[in-house]
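S.K.: The structure's right below; bear with me while I get my questions together.
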Amino acid sequence: MKEGSVFVVDGYGVSVNVERGHLRVCDGFPAEGARRDIRFPRGRCEVERIVIRAPDGYVTLTALDWCNRMGITIAFLGSDSRLINCLIPDGPHDGPLKRAQGVAAVMEDGVTIAQALLRRKFEAQMRAIEVELPRAGAGHGSEAERKGAIAEIKRISDGLPQDTELRDLLSREGRVAQIYWTALAGTQLPWRNWALKKIPDHWRQVWPRESGGRSRVRDARDPFNALLNYGYTLLEVEVRIACASQGLDPDLGLLHVDDRLRESAVFDILEPVRSTVDVLTLGFCQRQQLAPYMFIELRDGIVRLDPDTAEAYAKEVMPKLRRPALDAAGAFASDLRKITIPYRLVDVRTAEKVAPTLKASGHLCGYCGTILKKTRLKFCSRHCYLRHSVEVRQPIKLAQAKLARMRARGLSPGHGGDAAKKRGAKIAESNRRRSLGLTAEEMRARRSAQARKRREAPHH
């Protein structure tokens, strides 16, 4: 992923507009003499995300249209890393998927999907405790303590099928979160040597996630949680984009109850990816080697990110969140497409003619199970055909298994057969060219001359 694919706008009096066909961004802090004036052409614009953290400035309608046509997402963030708004280019509209998402909360399928969400989150946390966090230098416990934490999370995860109420599912999530943060808390952060005498003691290590002075998690009291607030917001942006690409409705969640001021489905989908943000944040701290000037402490002890730190963090972490966010949204959409929607408003005449014979014959879509009106079809739509080809048939895994069987018998598609003939011909040509001392162009001219002689030669 190109480093320039994420562009962070910060400062006072910023402006984002279009000038002579170029997207022009002016930002920075004039009082400090740091001012940027950058232009992005349409043909060679590598920016895919624009994160605006500036408290003052404007974005023109022409700039919004320019970004929409170029497929660029614009995210507006507050100084506390809270997402204010996110403008995403229009994606596919999947009516049946959104309808399934809407009815899932009142059906037994919704419980199954909620259990699957939590199971994926628990698996990600176990993987982080076992592999990723130790690799990033996190955790202060022994190997036995890590194995004990993983075993306890596994035991809690195995009991998910027993819970059918939301409060029971959230209770399990809370117990696993406590185990996970116990394994992570206490990790010493990599501060530079000269900075250790200038920072408060509680800045030196990782602290569990808890509410601050204003009873909000956003009010971080230490640098690591300030980075996490920012990272979770960037993940929220990526999940919103993934929801738009999958045709999901961001408001219709399961684990997070409906709220007028919250997109519940977004927070459902990002739950399995939170541990990825934790690992990436620890890696960022290790590479940057923290210093006091990277953070701003307010008078009430709340910690905010310095603009340069926020820009460096977004450019390093945000591109690495795209694939996990897309995978999480794709898994959620795949579970929803398996729901049988109880339609009531249907054409009665068509239903009377088609339903009895089709139900009796059992001719259903091979992926979603929808009754097919035409018996010669195997799938109800191209979308279901493609999903079945990828998720059910799994051609990549089949090909990998076939290659493994061939190699076990001493065979390989890279050796023997047509591959050997092509390789032998290329080697022979290379040896012939090397023996004659000719370049590739001279060799082609020589072959052309020989072919011309053969054509001109009299035929007997």
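Nothing in this text is a laboratory measurement; each read-out follows from the coordinates by a stated rule. Here the structure is a predicted model, which means the values were calculated and not measured. Cβ coordinates were reconstructed from backbone atoms using ideal geometry, including for glycine residues, and neighbour counts include every protein chain displayed.
S.K.: Which Cα, out of Cys26, Val237, Trp66, lies furthest along the positive dipole direction of the chain (beta carbon charges, K/R +1, D/E -1)?
M.R.: Trp66
S.K.: Through the Karplus equation 6.51 cos²θ - 1.76 cosθ + 1.60, θ set to phi - 60°, convert the phi angles of region 178-188 into ³J(HN,Hα) values in whole Hz; use x for Gly and Pro.
M.R.: Whole-Hz 3J(HN,Hα) from phi for region 178-188: 5, 5, 5, 6, 5, 6, 8, 5, x, 5, 6.
S.K.: Quick check on the exposure proxy: order Lys421, Lys197, Lys98 from fewest to most C-beta atoms within 10 angstrom. Mind showing how you got there, number by number?
M.R.: Numbers: Lys421 10, Lys197 6, Lys98 15.
By the 10 Å Cβ count, ascending: Lys197, Lys421, Lys98.
S.K.: Which value, in debye to the nearest 20, gives the size of the charge dipole of region 96-197 about its Cα centre, when Lys and Arg are +1 and Asp and Glu are -1 at the Cβ?
M.R.: Details: 16 positive and 13 negative charges, 96 e Å.
Here region 96-197 has a charge dipole of around 460 debye.
S.K.: Follow-up question, since we're still on this one. Hey, what do the phi angles of region 296-313 turn into as Karplus ³J(HN,Hα) couplings, whole Hz, using 6.51/-1.76/1.60 and θ = phi - 60°, x for Gly and Pro?
M.R.: Each residue's phi maps through the Karplus curve to give 10, 9, 7, 5, 8, x, 6, 9, 10, 8, 5, x, 5, 5, 4, 5, 5, 5 Hz.
S.K.: For the chain, build the charge dipole from Cβ charges (+1 Lys, Arg; -1 Asp, Glu) around the Cα centre, then report which of Ser5, Leu438, Gly366 sits farthest towards its positive end.
M.R.: Leu438
S.K.: Dipole magnitude of the chain about its Cα centre, charges +1 at Lys/Arg Cβ and -1 at Asp/Glu Cβ only, in debye to the nearest 20?
M.R.: Here the chain has a charge dipole of around 3520 debye.
S.K.: Another question, then. Taking the beta-carbon count within 10 Å as an exposure proxy, list Glu441, Glu238 from fewest neighbours to most.
M.R.: Working: Glu441 8, Glu238 27.
Going from least to most buried by this count: Glu441, Glu238.
S.K.: Okay, moving on. Nearest 500 deg cm²/dmol is fine: what mean residue ellipticity at 222 nm does the chain get from its DSSP H runs of n ≥ 4 alone, each adding -39,500 (n - 2.57), divided by its residue count?
M.R.: Values: 15 runs with 216 residues, N = 460.
When only DSSP H runs of four or more count, the value is -15000 deg cm²/dmol.
S.K.: In addition: Ranked by Cβ crowding within 10 angstrom, fewest neighbours first, how are Ile38, Ile199, Ile50 ordered?
M.R.: On the way: Ile38 13, Ile199 19, Ile50 22.
Going from sparsest to densest Cβ surroundings: Ile38, Ile199, Ile50.
S.K.: Of the cross-linked pairs Lys98/Lys338; Lys374/Lys397; Lys154/Lys402; Lys197/Lys315, which ones have a Cα-Cα span greater than 24 Å in the structure shown?
M.R.: Numbers: Lys98/Lys338 13 Å; Lys374/Lys397 32 Å; Lys154/Lys402 33 Å; Lys197/Lys315 30 Å.
Too far apart for the 24 Å limit: Lys374/Lys397; Lys154/Lys402; Lys197/Lys315.
S.K.: Can you compute the charge dipole magnitude of region 388-438 about its Cα centre, using +1 on each Lys and Arg Cβ and -1 on each Asp and Glu Cβ, nothing else charged? Give it in debye, rounded to the nearest 20. List each step's numbers first, then the result.
M.R.: On the way: 13 positive and 3 negative charges, 37 e Å.
It comes to approximately 180 debye.
S.K.: Test of the criteria: in region 15-66, which GluC sites (Glu not before Pro) are in a DSSP loop and have at most 13 other Cβ atoms within 10 angstrom of their Cβ?
M.R.: Glu46
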